[in-house]
1. Does Pro131 qualify as being part of a loop (DSSP other than H, G, I, E, B) and surrounded by fewer than 15 Cβ atoms within 10 Å (Cβ to Cβ)?
2. Are any residues in the stretch 89-143 over 21 Å from the mean Cα position of the chain (by Cα), of a type in the set (Ser, Thr, Tyr) and modelled with pLDDT of 95 or more, and if so, which ones?
3. The conditions are (1) in a helix (DSSP H, G or I); (2) modelled with pLDDT under 90, and Ala68 fails exactly one of them. Which is it?
4. Limited to the stretch 18-42, what total is found for residues that are touching a residue at least 40 places away in the same chain (Cβ under 8 Å), more than 21 Å from Val152 (Cβ to Cβ) and in a helix (DSSP H, G or I)?
5. Suppose the filter is under 23 Å from Arg169 (Cα atoms) and loosely packed, with under 13 Cβ neighbours inside 10 Å; does Arg89 pass it?
6. Would you please list the contacts, defined by Cβ atoms under 8 Å and residues six or more apart or on different chains, that run from a residue in the stretch 183-197 that is closer than 16 Å to Ala39 by Cβ to a residue that is surrounded by fewer than 21 Cβ atoms within 10 Å (Cβ to Cβ) and at pLDDT below 95?
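The values are calculated or read from the model by the stated rules, or taken from the named source; none is laboratory data. Every value quoted in this text rests on a predicted model; they were computed, and no experiment measured them. Cβ atoms come from the backbone with ideal geometry, glycine included; neighbour counts cover every protein chain shown.
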Amino acid sequence: MMPVARPAAWDGGVCPFAAGWQRVLMWWFIVGDGLLFGAFLAAYGYARLIATTWPDSSVVFSLPYLAAMTLVLNTSSAMMASGVAAARRGAWPTARRWLLATTLGGVLFLGMQADEWRHAIAAGARLSGNPWGDASFGAYFFLITGFHGTHVLLGVLILTIATARVATRRATPLGIELVGLYWHFVELVWVFIFTLFYLL
């Protein structure tokens, strides 16, 4: 007897949950990148637990300044959501304004982070040490905030391209949605960094 062929649950013709391959790939990237950030923060947590003298963040950093940085990034994330909603409605001039505002928020955040680095370096923070305690503190500070800052910089470049595409009517609602997913991810990662590195 000939064996009866069983239909596959998914043979590549239709994306699971009708998500579309672009969304699926973006979520794969977000999950993978999120695991990398999680590994960095877990390593930081372990280093902090085994350290004999760990610097007090409230002494090293200005927490009100960091709260302002968080507010800037959170606000830009909300503006990005408004831009995505406008793109879905086909209100492209409105979407362009929201994307431009989001981009400016990202630039402002990067400027504030550069200023934070400048103060830390002036105070003696280095990859190999710092004047406040455990030598690994400086390395984790520059690694984690630098890696996140690189993501923000990449996001600003993507937002600039997306804004230009909206202005020339070459953008699609899905394209703006994918940019929004990336930007929300960058904002969410900062919330974890702010909480685990600066507040605790």
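1. Numbers: part of a loop (DSSP other than H, G, I, E, B): yes; surrounded by fewer than 15 Cβ atoms within 10 Å (Cβ to Cβ): yes.
Criteria met by Pro131.
2. The answer is Thr94, and nothing else.
3. (2)
4. 2
5. Working: under 23 Å from Arg169 (Cα atoms): yes; loosely packed, with under 13 Cβ neighbours inside 10 Å: yes.
So Arg89 passes the test.
6. Phe197/Ser57
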